[in-house]
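A.B. asks: This is the structure I have questions about; it appears just below.
The values are calculated or read from the model by the stated rules, or taken from the named source; none is laboratory data. Note that the coordinates shown come from a computational prediction; the quantities given were computed from them, not determined experimentally. Every residue, glycine among them, receives a Cβ derived from its backbone with ideal geometry; neighbour counts consider all protein chains shown.
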Amino acid sequence: MLSPKGSNKVFGIGLQKTGTSSLHKALQILGYKSRHSPMAWRNKIYHNGDYAPIKDNWDAITNFGEWFFPQLDAMFPMSKFILTLRDMESWLVSLEGMYSRAIPPGFDTLMDVFGIRRFNEDRCRYIHSFHTKTVLEYFRNRTNYDSLFIFKMPFKWEPLCIFLDKPIPDVPYPHANQTKNKRPHVQHSQTRRLQK
């Protein structure tokens, strides 16, 4: 049986490479049954226009709902939403590094989220800014300020645990799925700043 309306859920609605994998691990440490990027549910939405979850074996989801968080909010109105954010330049480095590798079949999230099949810096910059503005505008008039949490890198336990009303774990905040690739022109600009 799927959760009725009013069930509390947690949704991580940050874009890819904004710390969503780390948030997923953090939510698991906090005791949530967290799922990361459930492709079967995502495909069900895209192909059938049906936002109902396939299974109810979770209470938190990350890397999901970037563009359909209003529908998730309507389906689970007492839920909490976490927008993970990171510096634009470091995010672009990480995103390009991710998509320089082969993407598994059926996992074309570059097209799903950014509307492109190859990395394009201008397009990704635009989507990053547009997504942030869209989320902030959607939640702007909420009388319940506990609905949305802006979680900025470097991530720490304390603000997240305050938002979720959870005790702070006695372990470091997790850092998962880090991309080591760096773009040459970014490295050069960083070097120039250090030499000044």
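A.B. asks: Name every residue in region 56-65 that is surrounded by 20 or more Cβ atoms within 10 Å (Cβ to Cβ), modelled with pLDDT of 85 or more and assigned to a loop (DSSP other than H, G, I, E, B), in order of residue number.
C.D. replies: Matches in region 56-65: N63 only.
A.B. asks: Considering each of F76, F64, F69 in turn, give the residue that is under 21 Å from M39 (Cα atoms) and touching a Pro at 6+ places or on another chain (Cβ under 8 Å).
C.D. replies: Just a single option satisfies the conditions, and that option is F64.
A.B. asks: Using beta carbons and a limit of 9 Å, which pairs, at least six apart or on different chains, have the first residue in region 32-50 and at positive phi and the second one in a helix (DSSP H, G or I)?
C.D. replies: Matching pairs, first to second residue: S37/T20; S37/S21; S37/H24; S37/T109.
A.B. asks: Also: Please find, among M78, M98, the residue that is closer than 20 Å to K25 by Cβ and either touching a residue at least 12 places away in the same chain (Cβ under 8 Å) or of a type in the set (D, E) (or both).
C.D. replies: M98
A.B. asks: Just give me the residues in region 135-165 being in a helix (DSSP H, G or I), surrounded by 11 or more Cβ atoms within 10 Å (Cβ to Cβ) and without any contact (Cβ under 8 Å) to a residue 60 or more places away in the chain, in sequence order.
C.D. replies: Correct list: L136, F139, P159, I162.
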